[in-house]
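The values are calculated or read from the model by the stated rules, or taken from the named source; none is laboratory data. What you see is a predicted model; the values in this text were computed from it and never measured. Glycine also receives a Cβ, built like all others from the backbone with ideal geometry; neighbour counts cover every protein chain displayed.
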Amino acid sequence: MQTVFHLIAGDPDQQKTALTIAENLTQDESVEIDDVAIVAQGDGIEPLKAGGNGSDMVESLLDDGISVKACSNTLDLKDLAESDLVADVETVPSGGGELTRLQSEGYAYIRP
Amino acid sequence: MQTVFHLIAGDPDQQKTALTIAENLTQDESVEIDDVAIVAQGDGIEPLKAGGNGSDMVESLLDDGISVKACSNTLDLKDLAESDLVADVETVPSGGGELTRLQSEGYAYIRP
Amino acid sequence: MQTVFHLIAGDPDQQKTALTIAENLTQDESVEIDDVAIVAQGDGIEPLKAGGNGSDMVESLLDDGISVKACSNTLDLKDLAESDLVADVETVPSGGGELTRLQSEGYAYIRP
């Protein structure tokens, strides 16, 4: 099974809950998880910024093999470059497009 | 691919982000999008009201061919008639029913 | 059709809206609903607590045949035991795992 988490809320506590739920999923032995991805956009981009609030959790998730993707429209809007992001974070043309593509491939969607 | 956006948050900024993400999806050439729908309920109904905050964005999305659907339970609860809504907004018996139906037809779900 | 609702928001009004939407779904005769489940985690656990704010609505939904599931990680984090919950609420290893499993079985996902 595959799961994509949608990170969009601006509240830091809500962001940390979202990242914790993603981490917990990788440790749930009752389900066979083949892939976990995170798509961030809007104010949910904060933990993906190098040195941003929660970026330590994003680094840890990347180390666990979770792919983390930032919406390019959001980067443009917030005047951020890919170099402002945590290393190994990918960019995607649009968050909505990536979330649609992954769900069409069978990923479950979770919006914490 | 097909996508349905769930508009339920009452915060105007969150509503505008949701409508912007829907618009961005139609402009993302990296995914082939066949249909985009918006289902609004609860406090998310505001931009669907004629003259409501954000109604200009809803009008623009309708012009782009996006279907916009209002939950009838919400209209009843808020004492709104279909004539209070932006022209061409449709009504559905329940938001939950429509979101279920569309996902069962293969729509991806995005809740901004 | 089958639907799972994700109860995670901490705001009591938002929780009540979520539970109302679940109830409305069971009464929407325009869609054939075979099963409705609720998965609660994080601050969304409150209405599942015996005597918690909104627990009367959870009891009513259970009476209607809706299954209500609490995330065990959340129970651990909040120092809650299964005996602290409304009778007939089930527990699942992780909210994210259960939401993934149900969607992989064809459940639509709604996050109010």
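Going by what's in this entry, would A:ASP34 be described as surrounded by fewer than 17 Cβ atoms within 10 Å (Cβ to Cβ), within 14 Å of chain C (Cβ to nearest Cβ) and either within 18 Å of B:PRO112 (Cα to Cα) or without any contact (Cβ under 8 Å) to a residue 60 or more places away in the chain (or both)?
Yes; evaluated as a whole, the condition is true for this residue.
Between A:GLY65, A:GLY42, which is in contact with a Ser or Thr (Cβ under 9 Å, 6 or more places away or on another chain) and within 10 Å of another protein chain (Cβ to nearest Cβ)?
A:GLY42
Does C:GLY10 count as at pLDDT below 95, closer than 25 Å to B:ILE110 by Cα and small (Gly, Ala, Ser)?
Judged against the criteria, C:GLY10 is a match.
Among the strands (runs of 3 or more DSSP E) contained in the range C:29-95, which hold 1 or more residues that are in contact with a helix residue (DSSP H, G or I) (Cβ under 7 Å, 6 or more places away or on another chain), at pLDDT 95 or above and among the charged types (D, E, K, R)?
Per the criteria, C:67-71.
Just to be sure, is B:THR3 outside any loop (DSSP other than H, G, I, E, B), more than 12 Å from the chain's Cα centre (by Cα) and touching a residue at least 24 places away in the same chain (Cβ under 8 Å)?
So B:THR3 fails the test.
When you scan the range C:1-20, how many residues do you find that are among the β-branched types (Val, Ile, Thr) and closer than 19 Å to C:GLY52 by Cβ?
Final tally of qualifying residues: 3.
Go through the range B:43-58 and report how many residues are over 12 Å from the mean Cα position of the chain (by Cα) and of a type outside the set (D, E, K, R).
Qualifying residue count, the range B:43-58: 4.
For every residue, the table says whether it meets (1) farther than 23 Å from C:ASP13 by Cβ; (2) in contact with a Gly (Cβ under 9 Å, 6 or more places away or on another chain).
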residue	(1), (2)
B:LYS16	no, yes
B:ASP35	yes, yes
B:GLY51	yes, no
B:GLY54	no, no
B:GLU59	yes, no
B:LEU75	no, no
B:LEU80	no, no
B:ASP88	yes, no
B:GLU98	no, no
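Between a residue in the range A:87-109 that is more than 13 Å from A:ALA40 (Cα to Cα) and away from chain C (no Cβ under 12 Å) and any residue that is buried (at least 22 other Cβ atoms within 10 Å of the Cβ) and hydroxyl-bearing (Ser, Thr, Tyr), which pairs come within a Cβ distance under 7 Å, given they are 6 or more apart or on different chains?
A:THR100/B:THR3
Restricted to the range B:9-28, and to residues that are part of a loop (DSSP other than H, G, I, E, B) and crowded, with 18+ Cβ neighbours inside 10 Å, which residue is farthest from the other protein chains (Cβ to nearest Cβ)?
B:ALA9
If I filter the range A:47-73 down to residues being over 22 Å from A:THR3 (Cα atoms) and of a type outside the set (D, E, K, R), which single residue comes out as surrounded by the most Cβ atoms within 10 Å (Cβ to Cβ)?
In this case the residue turns out to be A:ASN73.
With the checklist (1) out of contact with any strand residue (DSSP E or B) (no Cβ under 6 Å at 6 or more places or on another chain); (2) closer than 20 Å to C:GLN2 by Cα; (3) surrounded by fewer than 24 Cβ atoms within 10 Å (Cβ to Cβ) in hand, flag the one item B:LEU102 doesn't pass.
Result: B:LEU102 fails condition (1) only.
Are any of the residues in the range B:97-112 aromatic (Phe, Trp, Tyr), modelled with pLDDT of 95 or more and in a loop (DSSP other than H, G, I, E, B)?
Among the residues of the range B:97-112, at least one is aromatic (Phe, Trp, Tyr), modelled with pLDDT of 95 or more and in a loop (DSSP other than H, G, I, E, B), which makes the answer yes.
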